1. Simple spin-label model, 7 Å along Cα-to-Cβ: TRP18 to LYS210 in nm?
2. Pull out the extension gain between LEU145 and SER108, defined as 0.36 nm times the separation in residues minus the alpha carbon to alpha carbon distance; nm, one decimal.
3. Which residues' amide hydrogens lie under 5 Å from the amide hydrogen of ARG197, considering only partners 5 or more residues apart or on another chain, with H built in the peptide plane?
4. Quickly work out the THR85-to-ARG122 label distance, labels modelled 7 Å from Cα along the C-beta direction, and quote it in nm with one decimal.
5. Over 26 Å between Cα atoms: which of LYS72/LYS101; LYS79/LYS101; LYS72/LYS210; LYS26/LYS215; LYS101/LYS243 fall into that group?
6. Can you tell me the order of 67-76, 89-98 when each peptide is scored by its average per-residue count of other Cβ atoms within 10 angstrom, highest first?
7. Taking amide hydrogens as modeled 1.01 Å from N in the peptide plane, which residues meet the under 5 Å criterion relative to GLY125, leaving out close sequence neighbours?
8. For the chain, what percent of Cα pairs sit more than 28 Å apart?
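What follows is calculated from the coordinates using simple rules that are stated; it is not laboratory data. From a predicted model like this one, the values you see are computed outputs, not experimental measurements. Heads up, the Cβs are rebuilt from the backbone with ideal geometry, glycines too, and the neighbour counts pull from every protein chain shown.
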Amino acid sequence: MSTDTSSIIEYRLTHEAWDGYEAFLKQLVIARGCRTICEIGGGANPALSLDFVQAHQLEYVIIDISAEELAKAPAGYRKRVQDVTQPLTGEEGTYDLVFSKMLAEHVSDPVMFHRNLHRLLRAGGAAFHFFPTLYSPPFVLNLLLPERLAYFILNRVQSGREKGGRKGKFPAFYRWCRGPLPGQFRRLESIGFRVVRYLGFFGHSGYYQKVPWIKRGHESLCQWLQRHPIPWLTSFAYVVVEKP
Ligand SMILES: C[S@@+](CC[C@H](N)C(=O)[O-])C[C@H]1O[C@@H](n2cnc3c(N)ncnc32)[C@H](O)[C@@H]1O
């Protein structure tokens, strides 16, 4: 790892990842003066509203493998059906920002995925990804157990928005989905990126709403982890990389 990571890595709690996502993304767009933006795997829920796109005069394209998912997104967005694990041609060096939210864990070929994004970016452009990480217990369960068993167990304890770890609709592989570990920096640098921020988030308390004593213990553990971070145990991450 060639980067000094002390000013790049931060640890927070998972609710901040969800509650702060929109503000973080918009701040990235505004602070970097982005005009051309591509969301990968935006599917039915594009992350930027049409109002924001129009107010900031953005060229905003949503790529998704599924025409069915894209069709559910509101009219007015520019949409393109494409598999980002297949070599992309055209639009090299076009975008100021490419980003994904809850897509990276579904990517079977992370090398091709990140190479494609590197190719789409102009020099100096940035990529931002928000994804769940191993070795958070619910995602380990989701990865290892047969779908119906994982769903049964998670459904016993969980409620709320973190639901959705089911493999059925979008299979999850969690490849290159880790907290801010040296190996992650090496992988992203091997593509040609420079890592500029890596935020690891502890906790998955949404899973324990139905079991208050586990929820309380879990919250105490997460606060301890924030003070004494173990990057293997994050549940989610934001990573921002730059194409030099
Ligand atoms: C869990 S959904 C997330 C959708 C949206 N970003 C959100 O946060 O609500 C994952 C999306 O990634 C898309 N997807 C999965 N694999 C893909 C691939 N190889 N290339 C492009 N899109 C993909 C799926 O079709 C789906 O729309």
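1. Roughly 1.6 nm, to one decimal.
2. Extending this stretch completely gives an extra 11.5 nm.
3. Amide H neighbours of ARG197: VAL240.
4. Distance between label points: 3.2 nm.
5. Too far apart for the 26 Å limit: LYS72/LYS210; LYS26/LYS215.
6. 89-98, 67-76
7. LYS243
8. 31
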